[in-house]
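The values are calculated or read from the model by the stated rules, or taken from the named source; none is laboratory data. Source: prediction; values computed, not measured. Neighbour counts are summed over all protein chains in view; Cβ atoms, including those assigned to glycine, are modelled from backbone coordinates with ideal geometry.
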Amino acid sequence: MSSQMCKSASRVIRSLLSASKNSRFCSAEGRAVAAAAAVSVDSKVPLLASAYGSGGSANASRGWLPGVFALPVAAYMVQEQEAHAAQNERTFIAIKPDGVQRGLIAEIISRFERKGFKLVAIKITVPSKEFAQKHYHDLKDRPFFNGLCQFLSSGPVVAMVWEGEGVIKYGRKLIGATDPQRSEPGTIRGDLAVVVGRNIIHGSDGPETAKDEISLWFKPQELVNYKSNEEKWIYGVN
Ligand code: IDP
Ligand code: MG
């Protein structure tokens, strides 16, 4: 092995180790190596060959590098999986009959879309009162329960599933407080609704309710898995 190659190899290893130690690939060098390593794992190209570019020999690398690479590459893959898991978070959003009748479907969808969240299911439906009671089961002891379920089942509802990092919590921020009198300007209810009984939109309030509500309103096959072209511009670590 030439001394030039030794120097390059140790530079590669140093940057990988420091990248994994810092848990984020911060330096330009680290990013390049991480990308090369990730590509290598995906495409089964020998690790050192792609990390070196034209300067290295794949055969020379096999004898001694995989063990050194294994840890940082594994760390990178775990990070990647976590990032994907976060991106795949899903929430249930419904435009209630008042929002539909007031012509606010496009306005509401565009707020989620422009934020960078991804629509993975949508339908328009008139839920039965029994269905509305299931949806709002946690409010069954509240005095407005009957009127609320009556209203939800009074006309078309646009039911949707939105996906993205933090979409459950941030979806609630986009929606605003339950009572539009208390919703901040800039939020959907703050900008577009006036009273709590006609607050135009529903959004799941946590991971458990999101899961339950998605499975109440949608069959699994109605949820679409796809990669949007914009994702590489919406997600990224510097
Ligand atoms: P949320 O929609 O912000 O999650 P919840 O407390 O879960 O609020 O209530 C569900 C829906 O019930 C509200 O969106 C609203 O339409 C209705 N609601 C809540 N509180 C009242 C109330 O005090 N009077 C009438 N309707 C209410
Ligand atoms: Mg609620």
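Just for the stretch 175-232: of the residues that are under 19 Å from Gln133 (Cα atoms), more than 8 Å from ligand 1 (Cβ to nearest atom) and of a type in the set (Asp, Glu), which one is surrounded by the fewest Cβ atoms within 10 Å (Cβ to Cβ)?
Glu208
As an exercise: evaluate Asp141 against (1) within 13 Å of ligand 1 (Cβ to nearest atom); (2) of a type in the set (Asp, Glu); (3) within 20 Å of the chain's Cα centre (by Cα) and give the number of the one condition it does not meet.
Every listed condition holds for Asp141 apart from (3).
If Phe112 meets every condition in (1) within 15 Å of ligand 1 (Cβ to nearest atom); (2) within 24 Å of Leu216 (Cα to Cα) apart from one, which number is that one?
(1)
Output the number of residues of the stretch 63-95 satisfying the condition of being at pLDDT 95 or above and more than 17 Å from Gly176 (Cα to Cα). Step through it out loud before you land on a result.
Filtering the stretch 63-95 for residues at pLDDT 95 or above gives 89-95.
If we keep only those that are more than 17 Å from Gly176 (Cα to Cα) as well, we get 89-90.
Adding up the residues that qualify gives 2.
Output the residue which, of all residues in the stretch 124-138 that are surrounded by fewer than 16 Cβ atoms within 10 Å (Cβ to Cβ) and among the polar types (S, T, N, Q), is farthest from the chain's Cα centre (by Cα).
For the stretch 124-138, the residue satisfying everything is Ser128.
Taking only pairs six or more apart or across chains, which ones have beta-carbon atoms under 6 Å, a first residue in the stretch 122-140 that is free of Cβ contacts under 8 Å to residues at least 12 places away in the same chain, and a second residue that is within 12 Å of ligand 1 (Cβ to nearest atom) and assigned to a loop (DSSP other than H, G, I, E, B)?
none
I'm trying to understand the selection: among the residues of the stretch 94-113, which are among the basic types (Lys, Arg) and out of contact with any His (no Cβ under 8 Å at 6 or more places or on another chain)? Walk me through it before giving the result.
Of the residues in the stretch 94-113, the ones among the basic types (Lys, Arg) are 96, 102, 111.
Correct list: Arg102, Arg111.
For the stretch 144-160, how many residues are surrounded by fewer than 16 Cβ atoms within 10 Å (Cβ to Cβ) and near ligand 1 (Cβ under 8 Å from one of its atoms)?
Adding up the residues that qualify gives 2.
Within the stretch 222-232, does at least one residue satisfy the condition of being touching a residue at least 40 places away in the same chain (Cβ under 8 Å), part of a loop (DSSP other than H, G, I, E, B), of a type in the set (Asp, Glu) and away from ligand 2 (no atom under 16 Å from the Cβ)? Full working, then the answer.
Of the residues in the stretch 222-232, the ones touching a residue at least 40 places away in the same chain (Cβ under 8 Å) are 222-226, 228, 230-231.
Adding the requirement that they be part of a loop (DSSP other than H, G, I, E, B) leaves 223-226, 228, 230.
Subsequent filtering for residues that are of a type in the set (Asp, Glu) retains 230.
Retained after the next criterion (residues that are away from ligand 2 (no atom under 16 Å from the Cβ)): 230.
Yes, the stretch 222-232 contains a residue that is touching a residue at least 40 places away in the same chain (Cβ under 8 Å), part of a loop (DSSP other than H, G, I, E, B), of a type in the set (Asp, Glu) and away from ligand 2 (no atom under 16 Å from the Cβ).
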